[in-house]
Each structure stands twice: as structure tokens, then as C-alpha cells.
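Contents: one structure, followed by commentary.
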Amino acid sequence: MTSRTSFFVRKRVCAVVLALSLVPVTACTAGGTTPGATASSESSSPTAPPPPTPTPTPTPTASYRPADASGRAQNVPVPVLPDAAKAETKEGLEAFARYWYSTVTYAYEAGDVSALEAASGPSCDSCARVREVVQGWHSEGRWLAGGKLVVEGVQSRFVETGRAEYQVLIQVRQESLSYYRADKTLDEKTEPGPAVGDIMVATYESGKWKAATVEHLEKSK
């Protein structure tokens, strides 16, 4: 049976061409040609200016469509790591924590855990649980809808607890998450709950933050 345990909820729970013509001018005298005078005729070929450079047509951006009962999400925007989250500072750690949760939301919507895994260390159990749900329910025609993680607060004392290792507290809630089967029937829908407190242990190495562990401060009963 495919796992249906979400990260925060227990099981069941888109030429203009200008031509200039010069009329020939002829000098002449009545009754003959005056010595020393010559008939002249000038004409010049009109020069057309180069055609204007065409303006490139912008490539339309595909529009985002969230998942619902009719099908999986389309063109889900990939979360972008903010510049603030790249620094080994208190502000950098807090910005990274917010970004990490956005990668979980993206994984649920898009069925793609690459951004989450890039922001997580190999010992992150919570990441493994998300990967199990996402890969199980984005296969064989199944999909997930909802499950957005909303971060309401982030705080860190930025005290080193290990080599380049720090703790950060996060207040976060998860919106309702629906599990759809390939025939578009709803298998399960979790109800949104109140915000809970999480603690993340993050490490900074080679100019990047990674989540080592992410756990609830209080276990669900």
C-alpha cells in the first residue's frame, strides 16, 4: 500500500521604403548650342534605407494551474533560493528555513523532490518521509492537491551547536492535502490543522545551508 503520511499530518489524518526621384535637368539654348556650354543631365538612383530590425516576439509563459479534482498541477513555479539565504548569518539561516518549507510545498504540487533534496542533508528523516509520499502519490496516474506549508514565524538565536551547525525554530501550518487516484476518485483528504512548532538543525558548508533534521517540538498524540 502506498504511504499516505504527509510531513505534518498523520496517516488518514506563457518596412518602409522611401524612394527619392531626381528629375533630370537639361540646360539648352534656343537655336543651337552656345560654345563652351554643355548640356548636362543628372540623375541618381534612389537609395533605400535598411529595413527596420523586427522586434522579437516575447515567448509566452505557461500559466500555473494548481492541482484539483480534475488533474495534477501544471507549470508549478520552482522555488528560488533568495540571496539572503546564502549567508552564514542569523538572517541567512532564517531565510533558508522559510525556503526549505517552500521546497516541500513544491514537491507535493509538482511531484518533484529535487529542490527539497538539494536543500537537505542525507540524515534528514522528514525529507525522506516527504519523498515517500510524493513519489508514491505521483505515480501510476495518481496525484496530490493542496498541502501548502505556510510559515508563520521563524526565529534563531544563531548559537553554534556543532561545527557550522545551528538551530532554528519555525511556526508552520499545513493546508488541506487531497490524495487522488488515477480514475479521479478522492482517496483521502486531510484537514488543515493549527500551526505547530518545528525545530530545524541546519548546517552551513561550502557556502550553502542544508537541513540536517526537521522535527516537531511536540509529537502528535
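Of note:
- Within the stretch 138-169, tally of residues that are under 16 Å from residue 209 (Cα atoms), modelled with pLDDT of 95 or more and of a type in the set (A, V, I, L, M, F, W, C): 5
- In the set (1) within 18 Å of the chain's Cα centre (by Cα); (2) within 27 Å of residue 185 (Cα to Cα), the condition left unmet by residue 142 is number (1).
- Residue satisfying condition, being on the phi < 0 side of the Ramachandran plot, polar (S, T, N, Q) and touching a helix residue (DSSP H, G or I) at 6+ places or on another chain (Cβ under 7 Å), within set 120, 139, 178: 120
- For the stretch 60-94, filtered to residues that are open to solvent by 20 Å² or more (accessible area, probe 1.4 Å) and assigned to a helix (DSSP H, G or I), the residue that is nearest to residue 173 (Cα to Cα) is 94.
- The number of residues in the stretch 176-203 that are open to solvent by 40 Å² or more (accessible area, probe 1.4 Å) and either β-branched (Val, Ile, Thr) or closer than 18 Å to residue 127 by Cα (or both) comes to 4.
- Subset of the stretch 106-126 [under 17 Å from residue 147 (Cα atoms), hydroxyl-bearing (Ser, Thr, Tyr) and open to solvent by 20 Å² or more (accessible area, probe 1.4 Å)]: 106
- If the condition is being open to solvent by 30 Å² or more (accessible area, probe 1.4 Å) and closer than 14 Å to residue 182 by Cβ, then the stretch 127-141 contributes 138, 139, 140, 141.
The values are calculated or read from the model by the stated rules, or taken from the named source; none is laboratory data. Quick caveat, the model's predicted, so the values are computed rather than measured. Heads up, the Cβs are rebuilt from the backbone with ideal geometry, glycines too, and the neighbour counts pull from every protein chain shown. These area figures cover heavy atoms from the full protein model, side chains too; ligands, DNA and RNA do not enter into them. Shrake-Rupley method; radii C 1.70, N 1.55, O 1.52, S 1.80 Å.
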